[in-house]
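Asker: Dropping a structure here in structure tokens format, bear with me for questions.
The values are calculated or read from the model by the stated rules, or taken from the named source; none is laboratory data. Bear in mind the structure is a predicted one, so any value in this text is a computation, not a measurement. Positions of Cβ are backbone-derived with ideal geometry, glycine not excepted, and every protein chain shown enters the neighbour counts.
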Amino acid sequence: MQDKQTFEYAIIRVVPKVEREEFFNVGVVLFSKRKKFLGIKYQIDQKKLEAFSDEIDIDFLNNYLKAWRLICEGEPEGGPIGKLELSDRFRWLTACRSTIIQSSKTHSGLCLDPNIELEDIYTKYVL
């Protein structure tokens, strides 16, 4: 247990019609300060999206989530937010917002490998 490090994560949700407050999970963003890790994994199920709304273009959502990935990776295309420290980028991504892409409240845990934990949480809550 001494080798395990703390991490935080949030589930990424698509909220097709914000006023209806309906959503479905599409991804996970995970942060571990001690492991110096900030990762994201996502996939939008076209059939789920169409069941919720036929007005939203999946390419629009994928581009939105690609911007989240660029921020996580600290890429120059991630803009000013992508240049921040890992913890600040995570806090920005998981901040409360009323847009079509939202995140859950953050949750915490212990892990040996944040990549494995990201995959496990993604499998459990998204697939």
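Asker: Give just the number: which of (1) over 12 Å from the mean Cα position of the chain (by Cα); (2) of a type in the set (Gly, Ala, Ser); (3) at negative phi does residue 74 not satisfy?
Answerer: (3)
Asker: Still on this structure, please answer the following. For the subset of segment 82-97 comprising residues that are touching a helix residue (DSSP H, G or I) at 6+ places or on another chain (Cβ under 9 Å) and either modelled with pLDDT under 95 or not hydrophobic (A, V, I, L, M, F, W, C) (or both), which member is nearest to residue 12 (Cα to Cα)?
Answerer: Looking only at segment 82-97, we keep the residues that are touching a helix residue (DSSP H, G or I) at 6+ places or on another chain (Cβ under 9 Å), and these are 82-84, 86, 88-90, 92-93.
Among the residues that remain, those that are also either modelled with pLDDT under 95 or not hydrophobic (A, V, I, L, M, F, W, C) (or both) are: 82-83, 88-89.
Working: 82: 18, 83: 21, 88: 17, 89: 15 Å.
For segment 82-97, the residue satisfying everything is 89.
Asker: Looking at segment 35-47, which of its residues are surrounded by 14 or more Cβ atoms within 10 Å (Cβ to Cβ) and not aromatic (Phe, Trp, Tyr)? Reasoning before the result, please.
Answerer: Within segment 35-47, the subset surrounded by 14 or more Cβ atoms within 10 Å (Cβ to Cβ) is 35, 37-42, 44-45.
Passing the criteria: 35, 38, 39, 40, 41, 44, 45.
Asker: Can you run down the residue pairs with Cβ atoms below 7 Å, 6 or more apart or on separate chains, where the first is in segment 45-63 and without any contact (Cβ under 8 Å) to a residue 24 or more places away in the chain and the partner is in a loop (DSSP other than H, G, I, E, B)?
Answerer: 58/44; 62/44
Asker: Output the residue which, of all residues in segment 98-111 that are assigned to a loop (DSSP other than H, G, I, E, B) and modelled with pLDDT under 95, is farthest from residue 26 (Cα to Cα). Reasoning before the result, please.
Answerer: Here is the first cut: in segment 98-111, the residues assigned to a loop (DSSP other than H, G, I, E, B) are 98-100, 104-106.
Subset that is modelled with pLDDT under 95: 98-100.
Values: 98: 16, 99: 15, 100: 12 Å.
Restricting to residues being assigned to a loop (DSSP other than H, G, I, E, B) and modelled with pLDDT under 95, the top hit is 98.
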